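What follows is a short report on a single structure.
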Amino acid sequence: MRALSRLLYRRPKLRLLALLSAPMVWLVVAYLGALAALLITSFYKLDGFSGATIKEFGFQNFTEIRTVSVYRHVVVRTVLVATAVTVIDLALAIPISFYLAKIASPRVRRILSVAVTMPLWASYLVKAYAWRTFVDPGDGLIKKVFGVTPGLGLASTTIVLAYLWLPYAILPVYAGLERLPDSLLEASADLGGHALVTFRKVVIPVLGPALVAGSIFTFSLSMGDYIAVDLVGGKTQMIGSVVYDNFVQNGPLAAAVSLIPMAIMLVYLLGARQTGALENM
Amino acid sequence: MKKTTIKTIGIAAVLAFTLNACGGSSSAPSSEAPSSEVPSTEAAADAPADAPAEGNEAAAGVSAPDLPMATEVGTGEGQVNVVAWPGYTEKDWVDPFTTASGCKVNVKVGNTSDEMVALMQTGEYDLVSASGDASLRLIASGEVAPVNTALLSNYADVYDSLKNKAWNSVGDKSYGVPHGRGANLLMYRTDKFTTPPDSWSVVWAADSTAKGSVTAYDAPIYIADAAVYLMSTNPELGIKNPYALDKTQFAAAVELLKGQKGLVSEYWSDYLKQQAAFKSGTMTAGTSWQVVANAAKAEGTPVDVVLPKEGSTGWSDTWMVSSKSKNPNCAYMWMNYIISPEGNALATEYFGEAPSNQKACALTKDKNHCTTFHAGDEEYFSKIWYWTTPTKECLDGRGPICVEFAEWNKAWTELKG
Amino acid sequence: MHLSKTARRAIAGLTSLVVVILWAPIIYAGLLAFNTAKSTTLQGLTVKWWPEAFRDPEVREALWGSTRTAFFATIIALILGTLLAFAIQRFSFFGKDALSFAVVLPIALPGIITGIALNSAFRQLGVSFGFKTIVIAHATFCIVVVHNNVLARLRRLPASLEEASADLGAHTFTTLRHVTFPMLASSFGAGAILAFALSFDEIVVTTFTAGANAKTLPQYILGNFSRPNNLPKVNVAVLVVLLLSIIPVWFAQRLSESGPGMASSR
């Protein structure tokens with residue numbers, strides 16, 4: 001043991017290697033390799049009858065995506081829904097987290113924290129299915145209580161996705177607010193700033209990375225979802241649905257379509273990295 | 001930093017390329033898709049209409065790889081892994097099988113043919129209850145092995161009209177045993193349609209009373225249902241087989257479907273969802289299966305089913321054995337059981353389809369079961385177009401001018417918008 | 001910050017409303033576990049499904065499958081995430097930024113992409129799908145959760161403590177064991193709990209990396225969407241998990257309140 005310790009002490013590079021080798025293999029070789037394999041698959045073709053993949057390079061899938069309008073529509077629709085969900089969730093996460101972190105008494109804070117995190121342990125599928133029964137245009141609960149219902153479609157999809165990912169948005173924002181010292185807020189007040197000004201000039205800038213971190217979850221989870229949209233979206237298709245439906249039928253096309261949300265998220269993440277949000281996840 | 005990323009990606013790409021190159025023979029991207037919404041295109045490979053006579057040739061253009069078939073059934077391996085339609089493997093008949101054979105049945109439910117094909121391609125399953133559109137694909141790609149029907153004592157009692165059909169045999173080699181057969185029916189709410197509808201116009205016509213609450217099967221194969229309707233309403237199109245559509249006929253079917261979209265509340269492939277939707281009234285008319293109607297009625301929903309006058313698409317599922325099966329003995333035991341009078345009666349009565357074994361009719365609890373489902377009624381089934389994989393080589397013999405399955409799939413995605 | 005009473009009340013009101021909406025579907029599903037009928041409309045209350053659910057081997061297998069998977073995925077994530085955090089915090093090396101970025105990808109990219117990518121990779125390599133492949137997939141997206149927690153804590157650890165330990169004659173591993181890890185304990189705990197939760201309820205990536213027989217609870221639930229007969233048992237299983245989750249959630253709470261350097265800001 002001591003000999004090994006001495007060796008490691010004297011050879012920092014060896015220490016680094018020991019630390020890095022396992023994660024590197026896992027992440028770079030396995031995961032990034034898999035992503036690269038996906039990229040390559042997107043160039044392959046499908047045998048029309050047997051459904052087998054023909055491993056020849058070609059741009060046919062990309063031509064298909066470019067020329068047939070449905071793919072554009074689906075991408076735009078999905079991005080809009082993901083954006084709406086993100087805006088809703090962050091708009092809700094900020095006041096709720098503020099309440100939890102700064103206003104609530106320690107006991108209330110503890111209870112509410114649990115109340116907000118426990119839903120993460122309730123099955124996503126069951127929650128989504130429950131929403132389906134709620135928004136059902138025939139005899140759903142919402143119709144019974146309020147007389148109107150968002151029905152099965154884009155509106156319900158947005159609502160349900162916002163519902164499902166809200167805890168993921170609250171967690172980083174709450175953590176960010178916890179780290180915000182009260183003294184900063186008091187100082188701002190001492191300098192004459194009332195609540196809104198303090199909020200705008202002190203809280204939000206400090207929360208920036210946390211907000212971005214929260215948005216990564218809500219945006220990404222919405223971009224790829226196909227289960228919730230199938231349950232409450234009626235006839236709606238989103239990117240996730242197209243990828244999933246085609247995965248079984250036409251793998252190369254599915255791979256090609258999946259490159260779109262991948263590219264979008266990569267750009268988003270590279271931007272988010274600048275804000276330091278990635279460490280808040 | 002940029003250099004690092006590029007280098008990393010480069011290494012990963014090279015690795016990936018090597019992996020791809022080294023990977024075995026072409027494999028379709030099958031996955032353990034969850035048994036939910038992927039539409040299945042179950043195509044019976046048979047050209048209906050004058051079915052019985054024509055049925056014995058394999059669909060044009062299908063060649064099956066030469067695979068060995070079992071020569072004897074030994075002792076059971078203790079378990080068998082099955083891909084099945086929902087409702088095909090319920091405890092009522094699975095448990096007696098397990099007790100008698102010692103084979104535990106592990107079921108993976110597939111909601112659509114495409115899911116099932118994908119699952120079989122993983123090589124992890126022994127048996128699949130394949131509909132006609134899946135079966136030919138499985139045969140052509142070598143996923144399933146020929147079945148030695150001589151080893152199955154109950155095969156003799158199977159209706160002749162179901163043996164060695166175009167969708168489950170190549171040449172004189174049989175690739176499986178039939179589970180039963182049935183039609184896709186029009187299900188409707190009896191409180192909305194006080195006179196039972198007799199035509200599919202309920203789901204196609206722009207002025208339908210069910211506008212806004214129509215449902216359709218969420219799978220590319222449903223295009224054939226549009227074609228079936230066009231065969232009646234637009235005979236000038238010259239459609240002889242709804243799975244053999246040339247470009248003009250295909251375009252017409254897609255147009256019809258686009259029009260239908262405005263009438264549809266939801267497409268379905270998960271039958272629990274359909275059941276719930278009929279109960280709540282979100283859906284009031286559309287294509288469904290007898291088993292769903294039975295379940296809905298049991299729940300108290302006022303529904304009924306009818307076979308409209310234009311005829312319909314249907315299915316006849318074949319139990320097929322994987323060429324990579326790890327439990328072939330249990331697989332053969334299951335096949336023999338499911339076509340036995342006892343097993344077949346239980347299974348087909350539950351699901352609501354015509355049995356494949358003539359002797360099952362005497363054993364159903366409802367003595368009218370076989371009459372209701374037209375078991376052995378070849379005239380009835382002549383109006384049913386069994387699910388079949390559309391191929392480029394037209395199934396009605398017109399030559400290589402038809403739209404093939406991959407295009408049906410793309411059209412379906414495009415249609416849903 | 002001085003918030004007027006109305007502002008405080010408004011925010012409190014909003015929070016309460018959101019919490020109620022958060023719990024409504026969960027309570028509804030919980031009630032369905034006691035439903036007399038097998039449908040999604042509540043018709044009456046009974047406990048008859050509970051013994052049935054507990055006796056059902058499929059339910060037990062699913063619960064055990066999810067627990068096992070989450071457990072191993074969490075262990076792997078703990079190891080890899082910690083190793084990586086140490087490497088990143090203490091060294092600078094070629095590709096460090098890229099690696100920090102790469103570790104986030106499995107969780108930041110939509111699950112379906114991770115799923116089909118891993119599925120393709122496994123199939124190319126001829127790896128047979130099963131329990132192992134699910135664990136690998138889950139561990140991959142759980143690494144970052146542990147990594148971020150441990151990294152954050154490592155950054156706040158004063159290096160002097162480890163130096164003192166070395167001065168007192170302890171070698172690397174002793175220091176690790178007696179000084180560093182105890183200080184990191186709460187970040188291990190927080191990371192592990194979150195990783196476990198993520199793995200337990202995951203369905204999308206699982207779908208693409210599971211084998212014929214591997215069964216997790218979400219797969220069981222999804223599979224039973226097509227089998228109306230099992231609806232109440234599904235809800236029983238879900239309710240049981242929810243009730244049991246009070247334990248880890250409570251633990252996570254305690255962990256976040258403890259630990260050095262946590263400003264309690266009041």
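Any read-out appearing in this document is the output of simple, stated calculations on the displayed coordinates, not a laboratory observation. Worth saying up front: this structure is predicted, and the values here are computed from it rather than measured. Neighbour counts run over all protein chains shown; Cβ positions are idealised from the backbone, glycine included.
Cα centroid separation, segment A:209-261 to segment B:91-120: 30 Å. Taking the Cα centre of the protein assembly as shown as reference, the dipole from Cβ charges on Lys and Arg (+1) and Asp and Glu (-1) amounts to some 4920 debye. Once the C-beta distance of residue C:16 and residue C:68 is scaled by a Förster radius of 22 Å, the resulting FRET efficiency is 0.05 to the nearest 0.05. Using only Cα coordinates, the Kirkwood hydrodynamic radius of segment A:101-169 works out to 13.7 Å. FRET efficiency for the residue B:372 to residue B:104 pair, using the beta carbon distance and R₀ = 41 Å, is estimated at 0.80. Label-to-label distance for residue A:148 and residue B:240 is 5.6 nm, based on points extended 7 Å past Cα in the beta-carbon direction. Divided by 2.2 N^0.38 Å, where N counts the residues, the Cα radius of gyration of chain B comes to 1.00. For chain A, complete DSSP H runs whose alpha carbons reach 30 Å or more along their own long axis and whose mean Kyte-Doolittle score is -0.5 or higher are A:69-98, A:154-178, A:251-274. Taking amide H as placed 1.01 Å from N in the peptide plane, the amide H of residue B:303 sits under 5 Å from that of B:190, each at least 5 places away or on another chain. Shape class of chain C from the Cα gyration tensor (axes a ≥ b ≥ c, square roots of the eigenvalues): oblate, since a/c reaches 1.5 or more and a/b does not exceed b/c. Annotation: amide H-H contacts under 5 Å for residue B:309 (H modelled 1.01 Å from N, sequence separation of 5 or more, or interchain): B:199, B:200. Report ³J(HN,Hα) in whole Hz for each residue of segment B:120-137, in order, from the Karplus equation J = 6.51 cos²θ - 1.76 cosθ + 1.60 where θ = phi - 60°; Gly and Pro get x. In residue order, the calculated couplings are 5, 5, 6, x, 9, 10, 9, 9, 9, 9, 8, 7, x, 7, 7, 4, 5, 4 Hz.
My understanding is that a pair violates if its Cα-Cα distance is over 28 Å; which of A:45/B:173; B:192/B:258; B:309/B:359; A:55/B:165 do that in this structure? Too far apart for the 28 Å limit: A:45/B:173; B:309/B:359; A:55/B:165. The distance linking segment C:62-82 with segment B:312-383 is 44 Å (Cα centroid to Cα centroid, whole angstrom). Taken about its Cα centre, segment A:1-97 carries a charge dipole of roughly 900 debye when the Cβ of each Lys and Arg holds +1 and the Cβ of each Asp and Glu holds -1.
Along the axis of the charge dipole computed for chain B (Cβ charges of +1 for Lys and Arg, -1 for Asp and Glu, origin at the Cα centre), the listed residues B:257, B:130, B:176 are led at the positive end by B:257. Per-residue ellipticity at 222 nm from helix content only, as computed over the protein assembly as shown with -39500 (n - 2.57) for each DSSP H run of at least four residues, stands at -17500 deg cm²/dmol.
With chain C treated as a Gaussian network of Cα nodes joined by springs under 10 Å, which of C:101, C:188, C:141 yields the largest mean-square fluctuation? Of C:101, C:188, C:141, the Gaussian network model singles out C:101 as fluctuating most.
The phi-based Karplus calculation (6.51 cos²θ - 1.76 cosθ + 1.60; θ = phi - 60°) puts the 3J(HN,Hα) values of segment C:200-206 at 4, 9, 6, 10, 5, 5, 4 Hz, whole numbers, x for Gly and Pro. Size of segment C:1-137 from its Cα atoms: along the principal axes, largest to smallest, the extents are 62, 58, 24 Å.
Translational D (Stokes-Einstein, µm²/s) of segment B:152-216 at 20 °C and 1.002 mPa s when Rh comes from the Kirkwood sum over C-alpha pairs?
Diffusion coefficient, whole number: 138 µm²/s.
R0 = 25 Å: FRET efficiency of residue C:7 with residue C:185, Cβ-based, nearest 0.05? My answer for the efficiency is 0.05.
Ellipsoid semi-axes for the protein assembly as shown, based on the Cα gyration tensor and the rule √(5λ), read 51, 32, 26 Å when sorted largest first.
Measuring between alpha carbons in the structure, the pairs from A:127/C:48; B:273/C:215; A:144/B:416; B:91/B:211; B:91/B:297 lying more than 27 angstrom apart are A:144/B:416; B:91/B:211. Per the Kirkwood formula applied to alpha carbons, segment B:279-388 shows a radius of gyration over Rh ratio, Rg over Rh, of 1.02.
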